[in-house]
Amino acid sequence: MNINLENEIFELDELHILDPEKLNFSLEESGFLTLDDGEQVYSKVNLTRLLPFKTKTEYISVSYEDDEEQFHEIGVIRDINELQGEQFEIADNFLKFKYYMPEITRIYSIRDNMRGYIFVKVDTNAGKKTLCIRDWYSNFKLISPTELYVVDADGNKYTCPDIRSLDKKSKNNIDMFV
Amino acid sequence: MNLKLSTPKGEENATFSIPYDLNTRTKKVNGHCVITDNEIRIYLDDDITEKYPLDYFDEYICEQLIGCSMLVGRKGDQRKFLCAFTQTYFIRYAELCKILEFYKRTGELFADDDQSEPSCTKCGLPLDSETICPFCAKKSEVFLKLIKRAKPYKWLFALALLCTILTEVIWIIQPRLQRTIIDDFVIPRNKDLHSFLIICGMLVGIILLAWIFEVVNMKASFKMALSIGKDLRQEVFAKVQKLSMSSVSKRTTGGLIRRVSNDAMKLQEFISQNGKELIVRLFSVTMLSILIFVMNPKLALFVLAPIPIVIFFNVKLFNVMSIRYGRVWRMSTRHSTVLHDTLNGIRVVKSYGTEKYAIDQHEKASMNWAKSIRNADIVWLLTMPFSRYILSIGSYLVLLIGGSMVLDQTLTLGQLVQYTTYVAMIYGPLGWLIELPRILADTTVSVSRVFEILDEDTDVADSENALDIDIKGDITFDDVYFGYKVYNPVLKGISCEIKQGEMIGIVGHSGVGKSTMINLILRLYDCTQGRILIDGIDIRNLSQDSLRTQVGVVLQETFLFDGSVYDNIRYAKEDSSFEEIISAAKIANAHDFIVKLPEGYNTRVGDKGYSLSGGERQRIAIARAILHDPKILILDEATASLDTQTERNIQEALSRLIEGRTTIAIAHRLSTLSNADKLIVLDKGRLAEMGPHEELMRNGGVYYKLVMAQRQTTKMKEVID
Ligand SMILES: Nc1ncnc2c1ncn2[C@@H]1O[C@H](COP(=O)(O)OP(=O)(O)O)[C@@H](O)[C@H]1O
Ligand SMILES: [Mg+2]
């Protein structure tokens, strides 16, 4: 929307919902994406989940950095599932990479050292691991009634999308710490 | 930092070699990024997949994403993805980028020689700046620590203990007298009134004595418990004051309040009610066990046999209970957090009319708390009757067998009565002892929460021979890196020099790290890398006391303590006279409005007192800083809530005041800073430009754009107004 006030023109930001049919993404060498929306080609395009805890494919912000590394949002995609065929794959793959988050499939044990740390022995889809979690009151928590979200001391993030699907022991272990 | 963790097979020239563990399809892989003295080589397993001369790229960037990070090379406008890795390696890659940047500048591949990364000898976990491995630290020790707290009161404790034991002994003697009465007087129908009265007198006497002991005991234990409670509360509070900002801010205020008040209280209760009791009960169980064993070993066996079973069972139960009580603790803390949050933000709640939401939130937290208690206690309530039952089986057996022994005349009736009295007595302390896991579990949680604070090493600690100096006011940033989280740098490679007496402005977009720079100067946090020098001395070698008494700050969110205007200004300097306070208020342009307040300088402001406007609060804060008379004055958006006129007045007054002092100002309105000697322009965590206003305007860089952008919006505002 442009407001014309005594010959001064100001650009007001608005929510710009992108039409999934017109978008054409491709992976570039930089690890980011290139986007052709039919009018313009953007490079170093970044996708961001606006509601990462709530949905993995809906409300994806599409932005790019210009040559001066200034951030510009191109718009928001309501749901990348509406992208055309291979386009979905590219976008989803990028998101999965950016939000790389191994899924916890089992929790063997949780040890509280009574000094604000816990050590969680887990099995994830990226292998077995003992997670060292600092300040666990805030870094080991449920973000919905069923989803567990964990950030370890290095900053790696782990999730368990549905704790109801875990075995009984894992569930009990979680129960006592969230 | 160790930048040569492991090398791929067949690579012999690696100067640095860091593993990477992801590919762009989010598969776990096993690769290495190797730097030789002239090449960067990317390995997948043990094969080179890509290699470039080190000079090929203009810049190496460690790009942090959400769940992983990647190393990217930039050549002109082109960027090339090199490898991806989980955050575990992020710091190392970030370090590597710095080394490569240095290489690009100087042509030298130079590594920080300090490769020592201490790790725990037991489990191998890295010990980043902790003294004991958090994984291997024992938790049983916390109770010992609690007991050590009682040391100053050991005489009181001894007195209380002695009295209780004496009382206990009396209760053991008493059945012996009863037995004499029954066996020597009642059954043989003995009419020796004299001896009878003596024994009765003795009975009354010892009961009186017991009563006296009891009173002394109560007084002594109460005094001790209250003192320990007071000490603990005070100590936790004092420690919280001394902790670094990062330690304090990672805990919620509700959680901290809880520790100072409830947890310390719980420990006090534990000591007053249970600590001594525990010793006494153990003592009486042992005494009574020995007694009944000596009196009749066969009967004693029946009584004592179930005890080991119950003990075993209870130890197991303790573990379960302590986890569950830990949960209760968290739920109650969450409840206090909700309470604290809502009450603090009551203005927002009311102005948005969201009372109902607040009430719901509270109800939820409250319910969860109640639920967690129920969850913890249900285990207890379900298992408790069972333990008690097992325990008391013995007493029935004693009656059965003892009764038949009386009939067989191998035991006198008096003996049996005495015996069963002892057996009954043993169940008292035993019953109490099996309650112990619950009490202990509950207390363990509080003990560990309290000691978690007391034992925390302040990560911003004074060095051993910290200097107390008179600060002149030179400040140097020497290649400073800092992030609130290690893996998320906010300031990157800041280097600049501020001379004594200069007025410096820091500008940049909001969130770029301006306040962070201030926090570092104040040493609320320590920088992750690089140094900050004041008068040529690393601030880590200055005592924090000397640093902070000579640096004055006015922040944007000013906080007024509950108290009068007078108290709030005087806060900066306890011993200042009233006249000094007034002149400070005058300089800060605060005097005039204070005069108009109903009770002048005695008007109560702060938490729930007379509500001042944002600008008025800021002026009080400025007065506070002026009174502080600092060598270095820091104004972090200090005049942001003031109108332009007042701002100008204050500035004028300040400029008289700040002569000869180093001043660092952050202001949103850039015009405020145009008379600064130098401006430091931050952009994306780096120092983009530095110089006086005119020079920067001529350069047409970041600052120029900031100013232009602001002029535009100001114009717009003027038009709308
Ligand atoms: N206590 C904190 N913990 C974590 N991140 C913080 C903290 N304080 C500030 N930040 C982050 O650091 C960055 C710089 O903040 P700050 O220095 O306050 O910016 P500004 O330049 O506006 O003063 C911001 O992105 C902010 O979100
Ligand atoms: Mg700020």
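Scan the range B:270-288 for residues that are closer than 13 Å to B:VAL450 by Cβ and open to solvent by 70 Å² or more (accessible area, probe 1.4 Å) and the total you get is 0. Consider the range B:658-688 and keep the residues that are in a loop (DSSP other than H, G, I, E, B) and of a type in the set (A, V, I, L, M, F, W, C). The one that is nearest to ligand 1 (Cβ to nearest atom) is B:ALA667.
Please work out if A:LEU148 is open to solvent by less than 20 Å² (accessible area, probe 1.4 Å), within 26 Å of B:GLN64 (Cβ to Cβ) and more than 12 Å from chain B (Cβ to nearest Cβ). Against the criterion (open to solvent by less than 20 Å² (accessible area, probe 1.4 Å), within 26 Å of B:GLN64 (Cβ to Cβ) and more than 12 Å from chain B (Cβ to nearest Cβ)), A:LEU148 qualifies.
When the range B:498-527 is filtered for residues that are surrounded by fewer than 16 Cβ atoms within 10 Å (Cβ to Cβ) and either within 16 Å of ligand 1 (Cβ to nearest atom) or free of Cβ contacts under 8 Å to residues at least 12 places away in the same chain (or both), the ones remaining, listed by number, are B:HIS509, B:SER510, B:GLY511.
Every residue, every condition in (1) crowded, with 17+ Cβ neighbours inside 10 Å; (2) closer than 20 Å to B:ALA305 by Cα, yes or no:
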{"site": "B:VAL423", "(1), (2)": "yes, yes"}
{"site": "B:LEU430", "(1), (2)": "yes, yes"}
{"site": "B:ARG438", "(1), (2)": "yes, no"}
{"site": "B:ILE453", "(1), (2)": "yes, no"}
{"site": "B:THR458", "(1), (2)": "no, no"}
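Inside the range A:16-43, residues that are surrounded by fewer than 16 Cβ atoms within 10 Å (Cβ to Cβ), at negative phi, away from chain B (no Cβ under 13 Å) and not in a strand (DSSP E or B) make up a count of 6. The set of residues in the range B:64-77 being more than 7 Å from chain A (Cβ to nearest Cβ), out of contact with any helix residue (DSSP H, G or I) (no Cβ under 8 Å at 6 or more places or on another chain) and in a strand (DSSP E or B) consists of B:ARG74 alone.
Which residue pairs have Cβ atoms closer than 7 Å, lie 6 or more positions apart in sequence or on different chains, and pair a first residue in the range B:660-683 that is of a type in the set (Asp, Glu) with a second residue that is open to solvent by 10 Å² or more (accessible area, probe 1.4 Å)? Pairs found: B:ASP677/B:GLU502; B:ASP677/B:MET503; B:ASP677/B:PRO692; B:ASP683/B:GLY508; B:ASP683/B:VAL512; B:ASP683/B:VAL702. Could you tell me whether A:SER138 is of a type in the set (S, T, N, Q), touching a residue at least 24 places away in the same chain (Cβ under 8 Å) and open to solvent by 30 Å² or more (accessible area, probe 1.4 Å)? For A:SER138, the condition - of a type in the set (S, T, N, Q), touching a residue at least 24 places away in the same chain (Cβ under 8 Å) and open to solvent by 30 Å² or more (accessible area, probe 1.4 Å) - is not met.
Note on the range B:611-642: among residues that are part of a loop (DSSP other than H, G, I, E, B) and closer than 24 Å to B:ASP470 by Cβ, the one that is farthest from ligand 1 (Cβ to nearest atom) is B:ASP629. The numbered conditions (1) open to solvent by less than 30 Å² (accessible area, probe 1.4 Å); (2) touching a Phe, Trp or Tyr at 6+ places or on another chain (Cβ under 8 Å); (3) at pLDDT 90 or above are all true for B:SER495 except (1). The residue list B:GLU63, B:GLU101, B:GLU12, B:GLU39 contains one member that is farther than 30 Å from A:LEU131 by Cβ, under 38 Å from the mean Cα position of the chain (by Cα) and open to solvent by 20 Å² or more (accessible area, probe 1.4 Å), which is B:GLU101.
On inspection, B:ARG233 fails the criterion of being within 14 Å of another protein chain (Cβ to nearest Cβ) and more than 16 Å from ligand 2 (Cβ to nearest atom). From the list B:SER546, B:SER515, B:SER510, the lone residue that is over 24 Å from the mean Cα position of the chain (by Cα) and within 16 Å of ligand 2 (Cβ to nearest atom) is B:SER510. Of the strands (runs of 3 or more DSSP E) lying entirely inside the range A:85-142, those carrying at least 2 residues that are more than 10 Å from every other protein chain (Cβ to nearest Cβ) and touching a helix residue (DSSP H, G or I) at 6+ places or on another chain (Cβ under 7 Å) are A:104-112.
Residue pairs whose Cβ atoms lie under 8 Å apart, separated by 6 or more positions or on different chains, with the first residue in the range B:294-322 and in the same structural domain as B:LEU400 (by TED's automatic domain parsing) and surrounded by 14 or more Cβ atoms within 10 Å (Cβ to Cβ) and the second part of a helix (DSSP H, G or I) and of a type in the set (Asp, Glu), are B:MET321/B:ASP442.
When you check B:GLU456 against the structure, is it within 14 Å of another protein chain (Cβ to nearest Cβ) and either charged (D, E, K, R) or assigned to a helix (DSSP H, G or I) (or both), yes or no? In short, yes.
Residues in the range B:466-494 that are basic (Lys, Arg) and touching a residue at least 12 places away in the same chain (Cβ under 8 Å): B:LYS472, B:LYS492.
The values are calculated or read from the model by the stated rules, or taken from the named source; none is laboratory data. Because the structure is a prediction, the values reported are computed rather than measured. Don't worry about glycine lacking a Cβ; one is built from the backbone with ideal geometry, like all the others, and counts go over all protein chains shown. Heavy atoms of the whole protein, side chains included, go into the accessibility calculation; ligands, DNA and RNA do not. Shrake-Rupley method; radii C 1.70, N 1.55, O 1.52, S 1.80 Å.
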